[in-house]
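Structure record follows, encoded as structure tokens.
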Amino acid sequence: MAEENKKTIRLLMPQWQGGDYDLPPVTGEIYPLGARLLSFLAPKSETTPEFEVPVAPYEGKHGWKTNGVYQQEVVLKQLHAAREIIDREAPDRIVVFGGDCLLDQAPFSYLNEKYDGDLAVIWVDAHPDISTPEVFDREHAMVLGNLMGDGDPVFAREVKKPLTGEQVAIVGPSRFNSPKESAIVERLGMKVFPPESVFETSTAVTDWLKTSGLKHVAIHFDIDSLDPRFFYSQFPNDPNGIPFDTAPGKLKIEQVTRLILDIGKTADLVGLGIAEHMPWDAWNLKRMMESLPILK
């Protein structure tokens, strides 16, 4: 297909229910704000339409568990809504602004079907997102597992063509959260690149991509893959004192930019999802302005 005939869409998915923030003081507001800011900051294109996935608003209460997972029913409904938009538009490429990490399940599942398994998925993240309900209770930590037919069985059933280990590379974990998580990664068989492997060059990842023989690629970029000392708007820098007890990212934004550009030179980049943007200063400023009567 000629380049000019390829259809690209953008999805704005301000989903918060799959993440870790539904308790005061942050509640469910930080993820939607982060998603909308990503959409606002991205360069506009007259030929790339954007569609917003309807997401239930925060209603001032802690979510409930179904099958051991918080807000599973709500998140599943939103997954279906995202897939309905994608199927209706039938794009060749998808860009996603979010939101918690689950935002990439519907797009990447669709792309693997569309390209009949000729798709590499490169997961740029400080964490592998291959957990299960027995290990953790938030859906955003299971999304890559779901895409591989593992993870949460309820969500894995939504994937018509699961990814294989040969299709997946994770870039950015400095360590795993537990022996159970490490064992799942080993069982699923994906390639893992520590952050140091892309500090100076993208060659380790692009060589893996070339060796795979896969012609198309989708990239998941979790902002917490970045070093929190150099990029503030992410989970570890929560100013409200909520503990971050997993490994922080070690990459710099320049390194991730170079990595994405180099991957795009190596294979046909058909998917890009940006997740877990937490703009703490913007959120605090928003709360301040909401308290000022002169602004109402």
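Taken together, the values in this text are just the output of simple stated rules run on the coordinates, not laboratory data. If you're wondering where the values come from, they're calculated on a predicted model, not measured in any experiment. Every residue, glycine as well, gets a Cβ built from its backbone with ideal geometry; the counts of neighbours run over all protein chains shown.
Given the Cα-Cα distance of ARG157 and LYS77 and 0.36 nm per residue of separation, how much length would full extension add, in nm?
The span from ARG157 to LYS77 would gain 27.4 nm if fully extended.
With Kirkwood's inverse mean 1/r over C-alpha pairs for Rh, give me the Rg to Rh ratio of the chain, two decimals please.
0.95
Cross-link partners among lysines for LYS65, C-alpha distance below 28 Å, same-chain residues fewer than 8 apart left out?
Reachable lysines: LYS77, LYS160, LYS161, LYS180.
Mind checking the full-extension length gain between LEU37 and ARG175? Use 0.36 nm per residue of separation minus the Cα-Cα distance, one decimal, nm.
46.7 nm
Based only on other Cβ atoms within 10 Å, what is the fewest-to-most ordering of ASP262, ASP20?
Least crowded to most crowded, the residues run ASP262, ASP20.
Could you tell me how many degrees, from 0 to 90 and to the nearest 10, lie between the Cα long axis of helix 30-41 and the main elongation axis, the longest principal axis, of the Cα atoms of the chain?
Helix 30-41 and the main axis of the chain meet at about 60 degrees.
Return one number: the angle in degrees, 0 to 90 and rounded to the nearest 10, between the long axis of the Cα atoms of helix 253-266 and the longest principal axis of the Cα atoms of the chain.
30 degrees
By count of other Cβ within 10 Å, fewest leading, how are PHE51, PHE108, PHE40, PHE176 ordered?
By the 10 Å Cβ count, ascending: PHE40, PHE51, PHE176, PHE108.
How would you rank 263-275, 283-295, highest first, on the average number of other Cβ atoms within 10 Å across their residues?
Descending mean neighbour count gives 263-275, 283-295.
Under the 0.36 nm per residue contour assumption, what length would be gained going from the current alpha-carbon distance of ALA183 and ASN67 to full extension?
39.5 nm
For the chain, take the longest principal axis of its alpha carbons; what is the angle in degrees between that and the long axis of helix 105-114, to the nearest 10 within 0 to 90?
Value to nearest ten degrees: 20.
Can you sort ASP137, ASP22, ASP104 by how many other beta carbons sit within 10 Å, fewest first?
Neighbour counts put them in this order, fewest first: ASP137, ASP22, ASP104.
What is the distance, in nm, between label points placed 7 Å from the Cα along the Cα-to-Cβ direction at ARG88 and at GLU290?
It is 2.9 nm.
Just ASN146, ASN237, ASN112 to compare: in a GNM of the chain, with alpha carbon springs under 10 Å, which one fluctuates most?
Comparing ASN146, ASN237, ASN112 in the GNM, the peak value goes to ASN237.
So what is the 222 nm mean residue ellipticity for the chain from helices alone, if each DSSP H run of at least 4 adds -39500 (n - 2.57) and you divide by all residues, rounding to the nearest 500 deg cm²/dmol?
Rounded to the nearest 500, it is -9500 deg cm²/dmol.
Report Rg(Cα)/(2.2 N^0.38 Å) for the range 181-283, keeping two decimals.
That ratio works out to 1.19.
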